[in-house]
Structures are given as C-alpha cells and as structure tokens.
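Participant: Structure below; questions to follow.
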Amino acid sequence: MDLKKLAKALIPDEGLLPPEKYEEIFPQRNLEKGAEVTRLAPSPTGFIHLGNLYSALADERTAHTTGGVFYLRIEDTDEKRKVDGAVESVIRSLKYFGIKFDEGAEIDSPLNNYGPYYQRRRAEIYRTFVKKLIEEGLAYPCFCSAEELDEVRAKQTENKETTGYYGKYAKCRNLSEEEIYKKLKEGKPFVIRLKSQGSIENKFTFRDAIKGDITVTENDQDVVILKSDGIPTYHFAHAIDDHFMRTTLVIRGEEWLSSLPVHIELHKVLGFKPPRYAHTCSLMKMDGDTKRKLSKRKDPELSLDYYRKAGYFPLAVVKYLMTVLNSNFEEWLLKNPDGDYREFKFKIDKMGKSGALFDLDKLNDVSKTEISRLSAEECYDFLKEWVDEFGTDKDKLHFKDKEYLLKVLNLVMGTGGKKRRKDIERAEQGVRLLDYFFDDTFNPDYTYRFDKDTVNVVLNSFANVYDPADDNSAWFAKVKAIAPTVGFASEMSEYKQNPENFKGNVSDVAEILRIAVTGSPNSPDLCTIMGILGKERSTDRLKKALM
Ligand code: GLU
C-alpha cells in the first residue's frame with residue numbers, strides 16, 4: 001500500500017511543517033539539571049475542584065522547589081464540555097490560594113514559548129503527527145459507525161471478553177487499499193486509529209513517581225487518535241503536548257493509571273521519550289465509618305468555590321492540603337509555626353500511595369489557627385476581600401471605615417493583644433461578629449434576668465454617669481456604685497458569703513449593661529466596646545434598652 005498517498009488522502013492539509021521541525025520550534029528547555037516542568041491540564045468545564053488544587057499544589061511545589069516551570073494547558077478537545085469563562089475561573093481560583101502559573105493559557109509571561117496552550121489551537125501540530133504515523137503504517141482510518149461499534153461491544157460483553165477495538169475486532173485495521181479509497185469516495189466519515197504494536201501477552205514495569213514500580217499489561221487497543229471532526233483525542237493530544245511543551249513530570253489523578261499503557265505506546269510510536277508520571281491518589285472522606293471518594297454530587301466541599309464563598313483563609317486551605325500531600329509537613333509546621341510553607345522541602349515521592357483522607361474538621365482547625373495569627377490589618381484585608389465579593393450591601397458599607405474597623409478587630413479578634421480569638425474558621429463568621437458595632441446591623445435581644453424596675457434603674461443610672469474618658473477602673477467603679485441602689489452586692493466576695501442577702505451582684509449589673517449595648521450577654525470587654533461606640537451611641541443604646 002502506498003502509505004504516503006494514503007496519508008495525503010486522509011490528511012490533505014497543504015503546508016504542514018515537517019514533523020522534525022517541531023523539535024526546533026520547541027527546543028529542550030534551558031533549565032538546571034533536576035528542574036521539573038509540570039503542568040495543570042484541565043478541561044474548561046467551569047468546575048474547578050479540590051482535586052485540581054491538590055494536584056496544582058503538587059505541580060507548583062515540584063516545579064518551584066526544583067527551579068523548574070509550572071504551566072497551564074487547556075484541554076479543550078471536547079467542545080461540548082466547554083464553558084465560557086472557565087479558564088479565567090481556573091486562574092482566579094488558584095490565584096486565590098496563592099498558586100500562580102509561570103507560563104500558559106491566559107498567563108502574561110515571557111516564558112510562553114511552547115504554545116498555543118489551548119489544544120484546539122494546535123490542530124496543525126496534531127495533524128502533522130497523525131499524518132506521520134499513517135505514513136509509517138502505525139495509524140489507519142476506521143470507517144466503523146457508532147452502531148457497528150455498539151454491536152461489537154455487545155458481543156464482547158456477552159462473550160465476557162475485553163471490550164474495545166483490537167485484534168480480530170479491529171475490522172478496519174486490515175482494509176485493502178481499494179476498500180479504503182472506495183469508502184473515502186463514498187464520503188464515509190472516518191476516524192484515525194493507532195495501529196497498536198502491543199500485545200496483552202506482554203507485561204512491563206514502569207516507575208510511577210508516587211506509587212513506585214507498577215507492572216502493567218501492554219496496550220493492544222487500536223485507540224482513536226483523531227476524531228472524525230479532525231480533533232485529536234485526549235490520549236493523543238497529551239502525548240504530543242507533553243513532549244513539545246517539554247513536560248518532565250506529569251502529575252495527574254490515579255484515574256488515568258488505566259490509560260497509561262496507551263500513553264506509553266503513543267510516546268513510543270511517536271518516537272518520543274515519555275515524561276515521568278506521578279499518579280496522585282484520590283481525595284477521600286469519612287462518611288460514617290466508611291471511607292469514600294469525594295463526590296461532586298454529595299460533597300459541596302469538593303468545589304473550590306465553596307471555600308471562597310464560605311471565606312476560608314486561603315493559606316489555611318493550602319497548608320492543610322500540604323499536610324495531606326506530604327505527611328511530614330505537619331511536623332515541619334510545628335517546628336516552624338511562623339515559617340512560609342514554601343520553605344518546606346516538598347517531595348513528590350513522599351505523597352501517599354493510596355486514599356488521601358480529606359478531613360474538613362482538621363481544615364477548620366488549621367483555619368482557626370491561621371486566622372488567629374493575623375494582625376488587625378491582615379484580618380481587615382482578609383475579611384474585606386470576602387465582603388467585597390459575598391457580603392451584604394451593609395457589610396460593604398461598614399468596611400469603608402477602615403480606621404473604625406481596625407479598632408473593632410483589635411478588640412473582637414484580639415488582634416491588639418495577647419488574648420487572641422481562636423474560634424473563627426471563616427470570614428463569614430468573623431464578619432457577623434462585627435454586626436453590633438454598626439447601628440444598621442445591631443439586632444439586640446433584650447432578654448434580661450431581672451425585673452423591669454431593676455433594669456431601668458441600672459440603665460438610667462449608667463447613662464447618666466457614663467464618660468468615655470473613664471479608664472477601665474473608673475468605668476468599673478461606676479458600675480459597682482450602681483449595685484447597692486438595686487439591692488445587688490457591689491463586691492463579689494460579699495455576695496459569695498451571703499447570696500441570699502442580695503438580688504444579684506456587680507457582674508449582673510454589667511450583664512444588664514452588656515445586653516443593652518451589644519444586644520447579648522456575651523461580648524468582649526464592655527468598657528472598650530463603649531469607648532469604640534462613643535458616648536452618644538452608647539448612651540443611646542442604654543436608653544433604647546429601657547423596659
Ligand atoms: N484534561 C485531563 C483532565 O482534565 C488532564 C489529565 C492529565 O493531567 O493528563 O482530567
């Protein structure tokens with residue numbers, strides 16, 4: 001068979017470059033020995049999930065701890081799954097977590113010498129190599145219809161045989177020259193398939209950078225490499241791209257492990273040295289007593305948007321994921337509580353070989369710790385970023401007054417002193433703690449434990465004497481002075497000795513004032529709160545709270 005002629009008939013494109021030319025266009029990268037080139041290669045489906053972040057972190061750390069490059073490639077061969085804005089969303093979501101690409105789709109970088117980084121824009125490169133394989137007798141056209149393929153599959157299933165297009169089932173593998181040209185002339189649609197050189201009789205061992213040595217059976221499937229619309233399949237496109245983008249280490253989910261024999265064969269027939277592969281284990285969670293994969297349908301926490309919307313501290317999510325990626329990170333973190341996680345020596349081969357457990361409770365703990373370490377300024381920035389995107393109009397207005405909020409945060413979050421608030425996991429919770437410092441979100445619950453007269457005397461008396469210039473002890477002296485006027489003990493010791501002699505004690509006076517000013521019986525230091533609110537608003541609130 002004249003294969004050159006056949007290749008031309010199947011891929012008629014004029015002006016394709018000679019395949020070798022691409023070795024020159026995309027030369028080996030000029031990097032230090034040991035530098036790894038990694039990539040994130042998502043389909044633009046618009047759903048960016050925790051698994052992507054987990055993988056991206058492994059990619060980014062591997063590239064950047066070895067002096068390599070981390071790039072973004074968009075695998076958009078499946079037009080149907082494409083969602084507008086998906087690429088921007090990947091970049092934005094990862095950036096939120098502090099992960100940046102050095103190169104790639106929509107990345108403004110002088111390193112962008114290996115593009116285009118969208119597979120749909122690389123059609124010529126793929127067609128060049130498909131043509132080459134046809135010329136070499138390593139690929140052929142297949143005219144089987146979907147119905148025919150379904151029939152074969154049904155037969156194979158019935159016979160309990162491996163399904164697919166291989167061996168005796170690869171009907172078009174041995175079409176004669178005449179048959180091929182006849183079908184072409186009839187205008188029959190066709191795909192191009194790999195003419196597999198492998199056999200299931202043969203096994204080979206390959207070294208996965210995470211899982212270690214794995215022995216697999218050779219591929220014998222004549223997989224589709226070019227679809228009838230002239231677009232390559234993922235298998236083929238990724239082999240071409242990882243070669244010409246000079247990827248050294250492909251880090252991807254273990255669901256791809258079963259395709260590995262195909263990928264190894266594709267590199268082989270194309271004459272490429274395959275990159276190294278690292279298959280990461282799936283993220284799992286505990287569901288009752290059983291461990292299961294995180295699921296898009298059941299687990300909102302799989303979506304990265306979940307973390308942004310809930311206002312997780314991004315660095316907390318990253319640090320938590322680092323503990324999942326490398327189990328010795330936790331130990332490092334204990335020794336380096338103030339250290340930048342980027343200083344930790346991440347190692348791909350230290351990643352778990354099976355089922356990485358994702359534990360939301362643990363993430364919450366890390367988040368609490370991280371948030372409790374923020375300065376007032378940092379805390380303001382963090383909360384404001386959340387408010388700008390997800391807060392109410394009132395929240396947005398409140399965050400305009402930075403000076404006021406810094407004072408509030410110093411008190412509420414304890415950013416001003418040693419007593420830090422350690423129970424805030426997410427921005428949303430933090431923002432709600434600020435509500436009572438603003439009149440339009442002050443929503444008091446005036447439930448007092450004392451009768452109307454007592455409450456009113458306390459509130460009126462304090463409103464009459466309150467002076468924001470008082471320091472803590474002067475303020476407290478005034479609270480104390482009110483106690484005997486309502487039959488309360490002004491000294492706790494006095495009260496403890498004879499509680500039956502009093503209706504209450506000085507701390508009950510403070511509680512009444514607290515409910516009036518903050519709307520609840522629990523709050524940080526009341527004297528400071530009143531100082532922040534100022535004389536007018538404080539006395540106003542005392543008056544409004546009269547029964
Ligand atoms: N486009 C594939 C995916 O979204 C990428 C697989 C790979 O990283 O090789 O899962």
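Participant: What are the residues in the stretch 371-395 that are more than 22 Å from Ser93 (Cα to Cα), in a helix (DSSP H, G or I) and open to solvent by 70 Å² or more (accessible area, probe 1.4 Å), if any?
Facilitator: Once the filter is applied, which keeps residues that are more than 22 Å from Ser93 (Cα to Cα), in a helix (DSSP H, G or I) and open to solvent by 70 Å² or more (accessible area, probe 1.4 Å), the stretch 371-395 yields Glu377, Asp393, Lys394.
Participant: Working carefully through the options Gly115, Gly68, Gly98, find the one that is modelled with pLDDT under 95 and under 30 Å from Asp340 (Cα atoms).
Facilitator: Values: Gly115 fails: under 30 Å from Asp340 (Cα atoms); Gly68 fails: modelled with pLDDT under 95.
Criteria check complete, one pass: Gly98.
Participant: Given the options Ser199, Ser176, name the one that is over 35 Å from the mean Cα position of the chain (by Cα) and within 21 Å of Ser259 (Cβ to Cβ).
Facilitator: Of the residues listed, the single one that is over 35 Å from the mean Cα position of the chain (by Cα) and within 21 Å of Ser259 (Cβ to Cβ) is Ser199.
Participant: Look through the stretch 396-427, keep the residues that are in a helix (DSSP H, G or I) and open to solvent by 60 Å² or more (accessible area, probe 1.4 Å), and return whichever of them is nearest to Asn522 (Cα to Cα).
Facilitator: Once the filter is applied, the top-ranked residue is Asn410.
Participant: Tally up the residues in the stretch 268-295 that are outside any strand (DSSP E or B) and away from the ligand (no atom under 13 Å from the Cβ), please.
Facilitator: Going through the stretch 268-295, the residues outside any strand (DSSP E or B) turn out to be 268-275, 281-282, 288-289, 294-295.
Right, trim to away from the ligand (no atom under 13 Å from the Cβ) and you get 268-273, 281, 288-289, 294-295.
Here the count works out to 11.
Participant: Out of all the residues in the stretch 249-259, which are surrounded by fewer than 20 Cβ atoms within 10 Å (Cβ to Cβ) and either more than 18 Å from Gly212 (Cβ to Cβ) or more than 10 Å from the ligand (Cβ to nearest atom) (or both)?
Facilitator: Within the stretch 249-259, Glu254, Glu255, Leu257, Ser258, Ser259 meet the criteria.
Participant: If I ask for residues that are out of contact with any helix residue (DSSP H, G or I) (no Cβ under 7 Å at 6 or more places or on another chain), part of a helix (DSSP H, G or I) and of a type in the set (S, T, N, Q), which ones from the stretch 222-267 would you list?
Facilitator: Once the filter is applied, which keeps residues that are out of contact with any helix residue (DSSP H, G or I) (no Cβ under 7 Å at 6 or more places or on another chain), part of a helix (DSSP H, G or I) and of a type in the set (S, T, N, Q), the stretch 222-267 yields only Ser258.
Participant: A further question follows. Looking at Ser507, Ser520, Ser538, Ser473, can you tell me which residue is in a loop (DSSP other than H, G, I, E, B) and among the small types (Gly, Ala, Ser)?
Facilitator: After applying the criteria, what remains is Ser520.
Participant: Restricting the first residue to the stretch 319-336 and requiring it to be open to solvent by 30 Å² or more (accessible area, probe 1.4 Å), which pairs with a second residue that is of a type in the set (S, T, N, Q) meet a Cβ separation below 6 Å and a spacing of at least six or different chains?
Facilitator: Glu330/Thr323
Participant: Using beta carbons and a limit of 8 Å, which pairs, at least six apart or on different chains, have the first residue in the stretch 214-234 and without any contact (Cβ under 8 Å) to a residue 12 or more places away in the chain and within 16 Å of the ligand (Cβ to nearest atom) and the second one assigned to a loop (DSSP other than H, G, I, E, B) and not hydroxyl-bearing (Ser, Thr, Tyr)?
Facilitator: none
Participant: Sort out which residues of the stretch 101-138 are small (Gly, Ala, Ser) and touching a residue at least 40 places away in the same chain (Cβ under 8 Å), and write them in order of number.
Facilitator: Passing the criteria: Gly104, Ala123, Gly137.
Participant: Here's another thing I want to ask about it. Quickly run through the stretch 530-543 and pick out the residues that are surrounded by 14 or more Cβ atoms within 10 Å (Cβ to Cβ) and free of Cβ contacts under 8 Å to residues at least 60 places away in the same chain.
Facilitator: Asp540
Participant: Then there is this: Ser89 versus (1) modelled with pLDDT under 95; (2) out of contact with any Gly (no Cβ under 7 Å at 6 or more places or on another chain); (3) within 16 Å of the ligand (Cβ to nearest atom): which is the lone unmet condition?
Facilitator: (2)
Participant: Restricting to the stretch 176-205, give me the number of residues that are under 15 Å from Lys5 (Cα atoms) and in a loop (DSSP other than H, G, I, E, B).
Facilitator: 1
Participant: Looking only at the stretch 210-221, filter to residues that are open to solvent by less than 20 Å² (accessible area, probe 1.4 Å) and in a loop (DSSP other than H, G, I, E, B); which one of those is farthest from Ile11 (Cα to Cα)? Please lay out each step first, then the result.
Facilitator: Pass one, the stretch 210-221, residues open to solvent by less than 20 Å² (accessible area, probe 1.4 Å): 210, 212, 219.
Those left that are additionally in a loop (DSSP other than H, G, I, E, B): 210, 219.
Numbers: Ile210: 39, Asn219: 25 Å.
Here the answer is Ile210.
The values are calculated or read from the model by the stated rules, or taken from the named source; none is laboratory data. Note that the structure is predicted; figures quoted are calculated from it, not measured. With ideal geometry, Cβ positions are generated from the backbone for all residues, glycine too; neighbour counts draw on all protein chains shown. With ligands, DNA and RNA removed, areas are computed over all heavy atoms of the protein, side chains included. Shrake-Rupley method; radii C 1.70, N 1.55, O 1.52, S 1.80 Å.
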